[in-house]
1. Please work out the FRET efficiency for the pair HIS105 and ASP218, using the Cβ-Cβ distance as r and a Förster radius of 45 Å; give the result to the nearest 0.05.
2. Over 32 Å between Cα atoms, which of LYS36/LYS265; LYS36/LYS154; LYS36/LYS115; LYS4/LYS109; LYS57/LYS109; LYS4/LYS154 qualify?
3. Work out the FRET efficiency for PHE266 and ALA35 from their Cβ-Cβ distance, taking R0 = 41 Å, and round it to the nearest 0.05.
4. Assuming a ≥ b ≥ c are the square roots of the Cα gyration tensor eigenvalues, decide whether region 43-191 counts as rounded (a/c under 1.5), prolate (otherwise, with a/b larger than b/c) or oblate.
5. For ILE42, tell me the accessible area in Å² from a 1.4 Å probe, rounded to the nearest 10.
6. Within 13 Å, Cβ to Cβ, of GLU111, how many net charges do the neighbouring residues add up to if Lys/Arg are +1 and Asp/Glu are -1?
7. Where does the charge balance sit around GLY146 when Lys and Arg score +1, Asp and Glu -1, over other residues with C-beta under 13 Å from its C-beta?
8. Output needed: percent of Cα pairs per 5 Å distance bin for the chain, bins running from 0 to the one holding the longest distance.
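The values are calculated or read from the model by the stated rules, or taken from the named source; none is laboratory data. Bear in mind the structure is a predicted one, so any value in this text is a computation, not a measurement. In this analysis, Cβ positions are derived from the backbone assuming ideal geometry, glycine residues included, and neighbour counts consider all displayed protein chains. Please note that ligands, DNA and RNA were not included when accessible areas were found on the heavy atoms of the full protein model with its side chains. Shrake-Rupley method; radii C 1.70, N 1.55, O 1.52, S 1.80 Å.
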Amino acid sequence: MNQKITEQESRFGHLEQMSVAELLAHINEEDAGVAKAVQRAIPQIEALVEAIEPRMKRGGRLFYVGAGTSGRLGVLDASELPPTFGVPDSWVIGIIAGGDRALRHAVEKAEDDAKQGWNDILAYHPTPDDTVLGIAASGTTPYVVGAVSEAHRKGLLTGCITSNPTTPLAAVSHYPIETIVGPEFVTGSSRMKSGTAQKMVLNMISTSLMIRMGRVHDNRMVNMQLTNAKLVDRGTRMLQEYLGLDYDEAKRRLLEAGSVNEALKFSFLKK
């Protein structure tokens, strides 16, 4: 079996002998190639998003499943969607091996349990309209491969994000996404380039879906939750622009309606 790309030797040696400037420059040099790797995967990402969209419009959910860095990135992306797009937290659900404790602490051997990933999904009563997206740089993590494999067997849509080609995870996924970023700066440290690629792809998938689900108007987050002063000010200025109001009146309408979108609906209904 060929060595995984994610485990191959770094292109750089004797890191401990480098100056801070050299370390930063070389890390940045390596990171520069990540966007190109993601760009090459756009057809794969497009196919997955187009497959998820009709299912989500029927009420299906998107599950991110991962371990370690991959799991944390999935939970991060899922948790940012409700405040950004004003959607229920049940639309996109992040599941990490070891549960919430694993968000801050390593949970020993949690990723090695091939059955627990699907068991964790079962707690949400999955349906055929749901999608399970496995995230694993290696493409071999038992927790993730097991979850995606069982989801596939049960008739759910499946996809994955990996940094190695032709992996066991890709083999059990309807829509594999392979971002081949090459060896890491610190050999085997997939929290670096692989993690950056995963974050980029997750952003692309979830943002595209939210736009397609009608949660954005023009290029504005008109459904964002008004959870702090900055967002209230942003929403107020949107209403000023859309409706030609002064600041105080726009803010009053925004707070009364609860979102830019609802304030706009109410204003148009009154006309």
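1. On the way: r = 42 Å, r/R0 = 0.94.
My answer for the efficiency is 0.60.
2. Values: LYS36/LYS265 41 Å; LYS36/LYS154 35 Å; LYS36/LYS115 35 Å; LYS4/LYS109 21 Å; LYS57/LYS109 37 Å; LYS4/LYS154 29 Å.
The pairs that break the limit, which is 32 Å between Cα atoms, are LYS36/LYS265; LYS36/LYS154; LYS36/LYS115; LYS57/LYS109.
3. Values: r = 41 Å, r/R0 = 1.01.
The pair PHE266/ALA35 has a calculated efficiency of 0.50.
4. On the way: a/c = 1.39, a/b = 1.24, b/c = 1.12.
Judged from the Cα gyration tensor, region 43-191 comes out rounded (a/c under 1.5).
5. Accessible area, nearest 10 Å²: 80 Å².
6. On the way: positive: ARG72, LYS109, LYS115; negative: GLU108, ASP112, ASP113, ASP120.
Around GLU111, the surrounding residues sum to -1.
7. Working: positive: LYS115, ARG153, LYS154; negative: GLU111, ASP112, ASP113, ASP120, GLU150.
That works out to -2.
8. Reading upward from the zero bin: 1, 6, 12, 15, 15, 13, 11, 9, 7, 5, 3, 1, 0, 0.
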